[in-house]
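Novice: Have a look at this one.
The values are calculated or read from the model by the stated rules, or taken from the named source; none is laboratory data. Owing to the predicted nature of the structure, the values given are computational and were not obtained by experimental measurement. For neighbour counting, all protein chains shown are included, and Cβ atoms are generated from backbone atoms with ideal geometry for every residue, glycine included. Each accessible area value is taken on the protein alone, full model and side chains, heavy atoms only, with ligands, DNA and RNA left out. Shrake-Rupley method; radii C 1.70, N 1.55, O 1.52, S 1.80 Å.
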Amino acid sequence: MTKKVALVGLFLESNRYADVVAAQQFKVMRREQVTDDARSASPILLKEGQGFFEQMDSNGPWRPVPISMVLGGAGGPAEHSFIINEILNIERELSAESSLDGVYILNHGAMTTTDEEDPDGLLYRAIRRAVGPDVPVVATVDLHANISQRMVDHADVIVAYRTDPHVDQFDRGREAANIMSEIWTGMRPVVSNLRLPLVPPNVSLLTADGPYADLINFGQSQLDTDILNISIVAGFAFSDTSENGLHIIVTARQTRLRAEQLCHQIARMAWSMRARFMWNLVPIADAVSRAQRTGAQPNLPALLLADLGDNVGAGGPGNTLWLLEALHKAKTEGVVIGSFFDPTLAAMAVDAGAGSRIDARFHGDNWDGAAPVYSVEAALVQATHPGIFYISTGPLSGMRVNAGPICLLDLDGLKVLVTSRRPIVWPDPTLLSALGVDVRLIRTLVLKCRSNYRAVFDQYFTADQMVEVDTPGRTSPVLTRHQWQRLPRPSYPLDLDCEWLDEPDGSDPD
Ligand SMILES: [Zn+2]
């Protein structure tokens, strides 16, 4: 029998220190647009959505009932009325559907709005209200989601990514589809979940190795005929909500007690290794010295500096000046700054045209009210480009990016790629090459990104060549520098003497 599955998407990672994301900044697909996109040659639907479609197609006859996909990437809190209206619309449209067999939620899980700290939870509750208790609701979330009890209560199963950089979204979408199919055969998932007062800085969350890798690998080693899914969700500190904290969700096919025991076991393990969830960054001055040496000595391996205080993937504005200024003043050779968001400067350079010289004024982020400007006289406009490009590899491969007209400026040897539309996470190597830059010849590349670039640039730089630089800004992983309002206190490592005592495992084996 053909199964009718409703598809709903709500995706934004909200950093409380970043600017509000307005309605028009979301990419919204409604009804058939979703299916048309998913079936197109180069869909813009996120990978988990593509994976869900592909797996459902192979699992048997089904009919997608797309409601809407509201996709926002990373930024600040969302415009409240827009999100609430979208949730109301989803509830209304789902209520109007008859005989649904399931709902798939494509969700990030770390959204806030200007007035609500758990809009994702509101969405899940609205969906449950619309479809009732018996229709399976399966969600995929980012491992930087802040899982609320509302989300857990109103979904049957929550499946989180297991990789950072995020290279498994497609597989998690497929997993969600398989779980949905299994529920249709009569499986009734039982869930145990708990949250620890542990708010890991994002730099401690890579999954190739390190504490988070150890936890996730242990969780995966426990999957068996009973344990369906283990999601260890580290959360997104910068959302600053009362739900922040590492959240463990264990879903069993039948045995609640086993789910509860595993959930507590993983929690105790995470807590025992909490000292490993710490930032360990390189000061700006040391990073610049390394870049100078690298520029001066061709035999040294190239460097990639990650500008962590302005991590665009976590809501950074893409225009802090710390590294640009320090590297320029140090007259460092062979440096390319992968992107700097400045529409005024980009327009001026594009108007002047390649080969001309301009007095460049870089307008920096004004988050601390300073509105800094860094000026360089007679900067060479080395190249210009319309700014539309496709990510060639890695977790966002195939994604179309419109950075608006862009230019490559040469400041006495320091090259800066200036964009005129929303900040970009990283310039694709194909874009750099269109601007006349060969990645393999760069001595030091600066990216305003923390993690996902690794899945693109690891073909040019080893992990040892990637340097995490301690720049100030809205996305600094040094959590003690930020003013928190809602994040639960005490939480480790903000409060190093924070204590947590495990309560006894659940004893209700129903
Ligand atoms: Zn993430």
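Novice: Checking the conditions here, which among Gly313, Gly295, Gly355 is under 25 Å from Pro429 (Cβ atoms), out of contact with any helix residue (DSSP H, G or I) (no Cβ under 7 Å at 6 or more places or on another chain), open to solvent by 10 Å² or more (accessible area, probe 1.4 Å) and within 16 Å of the ligand (Cβ to nearest atom)? Reasoning before the result, please.
Specialist: Details: Gly295 fails: within 16 Å of the ligand (Cβ to nearest atom); Gly355 fails: within 16 Å of the ligand (Cβ to nearest atom).
Matching residue, one of Gly313, Gly295, Gly355: Gly313.
Novice: Scan segment 421-439 and tell me whether some residue there is within 16 Å of the ligand (Cβ to nearest atom), in contact with a Cys (Cβ under 8 Å, 6 or more places away or on another chain) and either at pLDDT below 95 or in the same structural domain as Leu409 (by TED's automatic domain parsing) (or both).
Specialist: Yes, some residue in segment 421-439 is within 16 Å of the ligand (Cβ to nearest atom), in contact with a Cys (Cβ under 8 Å, 6 or more places away or on another chain) and either at pLDDT below 95 or in the same structural domain as Leu409 (by TED's automatic domain parsing) (or both).
Novice: Within 13 Å of Gly9 (Cα to Cα) and more than 15 Å from the ligand (Cβ to nearest atom): does that describe Pro119?
Specialist: yes
Novice: Could you please find all residues in segment 366-399 being within 21 Å of the chain's Cα centre (by Cα), of a type outside the set (Ser, Thr, Tyr) and either open to solvent by less than 60 Å² (accessible area, probe 1.4 Å) or over 16 Å from Pro423 (Cβ atoms) (or both)?
Specialist: Phe389, Ile391, Gly394, Pro395, Leu396, Gly398
Novice: All but one of (1) touching a residue at least 40 places away in the same chain (Cβ under 8 Å); (2) over 21 Å from Val131 (Cβ atoms) hold for Val152, so report the exception by its number.
Specialist: (2)
Novice: What do you reckon, is Val288 buried (at least 19 other Cβ atoms within 10 Å of the Cβ) and assigned to a strand (DSSP E or B)?
Specialist: no
Novice: Continuing with the same structure: Can you find, within segment 211-225, the residue that is surrounded by the most Cβ atoms within 10 Å (Cβ to Cβ) among those that are touching a residue at least 12 places away in the same chain (Cβ under 8 Å) and not aliphatic (A, V, I, L, M)?
Specialist: Tyr212
Novice: So, in segment 77-109, of the ones that are in contact (Cβ under 8 Å) with a residue 60 or more places away in the chain and hydroxyl-bearing (Ser, Thr, Tyr), which residue ends up farthest from Arg31 (Cα to Cα)?
Specialist: Ser99
Novice: Right, next: Is segment 447-457 home to any residue that is away from the ligand (no atom under 16 Å from the Cβ) and surrounded by fewer than 17 Cβ atoms within 10 Å (Cβ to Cβ)?
Specialist: no
Novice: Here is a further query. Condition first: assigned to a loop (DSSP other than H, G, I, E, B) and among the β-branched types (Val, Ile, Thr). Now tell me which residues in segment 392-440 satisfy that.
Specialist: Within segment 392-440, Thr393, Ile424, Val425, Val437 qualify.
Novice: Look at Pro477 and say whether it is away from the ligand (no atom under 16 Å from the Cβ), part of a loop (DSSP other than H, G, I, E, B) and touching a residue at least 24 places away in the same chain (Cβ under 8 Å).
Specialist: No: the conditions fail for Pro477.
Novice: Filter segment 22-44 down to residues that are assigned to a loop (DSSP other than H, G, I, E, B) and modelled with pLDDT of 95 or more and give me whichever is farthest from the ligand (Cβ to nearest atom).
Specialist: Arg31
Novice: Continuing with this model, one more query. Residue by residue through segment 110-151, note down the ones that are under 22 Å from Leu228 (Cβ atoms), part of a helix (DSSP H, G or I) and either polar (S, T, N, Q) or open to solvent by 10 Å² or more (accessible area, probe 1.4 Å) (or both).
Specialist: Arg128, Val131, Gln149, Arg150
Novice: Can you tell me which residue in segment 156-176 is farthest from the chain's Cα centre (by Cα), limited to those that are open to solvent by 10 Å² or more (accessible area, probe 1.4 Å) and under 20 Å from Ala6 (Cα atoms)?
Specialist: In this case the residue turns out to be Asp156.
Novice: Additional query: State whether one or more residues within segment 29-42 are more than 15 Å from Gly313 (Cα to Cα), surrounded by fewer than 23 Cβ atoms within 10 Å (Cβ to Cβ) and in contact (Cβ under 8 Å) with a residue 60 or more places away in the chain.
Specialist: yes
Novice: Tell me the residue from Asp57, Asp19 that is modelled with pLDDT of 95 or more, surrounded by fewer than 18 Cβ atoms within 10 Å (Cβ to Cβ) and more than 16 Å from the ligand (Cβ to nearest atom), please.
Specialist: Going through Asp57, Asp19 in turn, just one is modelled with pLDDT of 95 or more, surrounded by fewer than 18 Cβ atoms within 10 Å (Cβ to Cβ) and more than 16 Å from the ligand (Cβ to nearest atom): Asp57.
Novice: Give segment 87-109 a look and list any residue that's away from the ligand (no atom under 16 Å from the Cβ) and either assigned to a loop (DSSP other than H, G, I, E, B) or of a type in the set (Asp, Glu) (or both), or say none.
Specialist: Correct list: Glu91, Glu93, Glu97, Ser98, Ser99, Leu100, Asp101.
Novice: Hey, does segment 177-185 have a residue that's assigned by TED's automatic domain parsing to the domain that holds Met1, under 30 Å from Thr114 (Cβ atoms) and in a helix (DSSP H, G or I)?
Specialist: No, because not a single residue in segment 177-185 is assigned by TED's automatic domain parsing to the domain that holds Met1, under 30 Å from Thr114 (Cβ atoms) and in a helix (DSSP H, G or I).
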